[in-house]
1. Can you tell me how many residues in segment 154-172 are open to solvent by 60 Å² or more (accessible area, probe 1.4 Å) and modelled with pLDDT of 90 or more?
2. Just to be sure I understand the filter: pairs with C-beta atoms under 6 Å, separated by 6 or more residues or on different chains, first member in segment 92-103 and touching a residue at least 12 places away in the same chain (Cβ under 8 Å) and farther than 20 Å from residue 38 by Cβ, second member assigned to a helix (DSSP H, G or I) and open to solvent by 30 Å² or more (accessible area, probe 1.4 Å). Which pairs pass?
3. What's the number of the condition residue 201 fails, among (1) modelled with pLDDT of 90 or more; (2) farther than 25 Å from residue 100 by Cα?
4. Could you list, in sequence order, all residues of segment 175-202 that are touching a residue at least 60 places away in the same chain (Cβ under 8 Å), assigned to a loop (DSSP other than H, G, I, E, B) and open to solvent by less than 20 Å² (accessible area, probe 1.4 Å)?
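The values are calculated or read from the model by the stated rules, or taken from the named source; none is laboratory data. Predicted, not measured: the structure shown is a model, and the values here were computed from it. Counting neighbours? That spans all protein chains shown, and the Cβs are built from the backbone with ideal geometry, glycine included. Surface areas here come from the heavy atoms of the whole protein model, side chains and all, with no ligands, DNA or RNA. Shrake-Rupley method; radii C 1.70, N 1.55, O 1.52, S 1.80 Å.
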Amino acid sequence: MYKNKKIAVVIPCYNEETQIKGVIETMPQYIDQIVIVDDFSEDDTVSVVQNLAQSDSRIELIRHLKNGGCGGALATGYIWVRDKDFDVAVRMDGDGQMDPNDLKILLDPVVSGETDYSKGNRLFTGEAFILIPKARYFGNSVLTLLTKIASGYWHVADSQSGYTAMNSDVLRTLDWRFMYTRYGQPNHLLIMLNVFNFRVRD
């Protein structure tokens, strides 16, 4: 638990056999559940996770029988977490790009009740322009602008970031069956959040 709140991390996975071990092994001990949704991987992702589950009881592996896209895998994980009555659901990806040391920064405003949904911002420092490929950086900027217009969350600077945390109100309110499943899922989620006037922090 983290500050008396039950925390679950949802990890959508597709062909992450070389990265998922590191993601799981660096997961902070205050995380109560690690929900890994394998989106019909074609490599040994499932075997790696099953082996790790033998020594880490927090791991819950859910397997898709066909590929449903990252958003589809997330929806499956969020529904599982909602039905198990967790207080907060965090999204981390299986590729190891999300630093677990940053997790408390995402959790604190949600756990304290200051916001309903918090998301990472990779564009906060000038390093992003150097580290992110220019075409991707430009595309992200355009999508962020369009998402600001569509969602009304003008303060969100990095709409494409998937490193997020949400409270149980969000989990129970949104109908995860209708979330966009492919590229653009984070943008669609922001629009869904705005429909119900949820508080979002960048």
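1. 2
2. No pair meets every condition.
3. (2)
4. The one that is touching a residue at least 60 places away in the same chain (Cβ under 8 Å), assigned to a loop (DSSP other than H, G, I, E, B) and open to solvent by less than 20 Å² (accessible area, probe 1.4 Å): 179.
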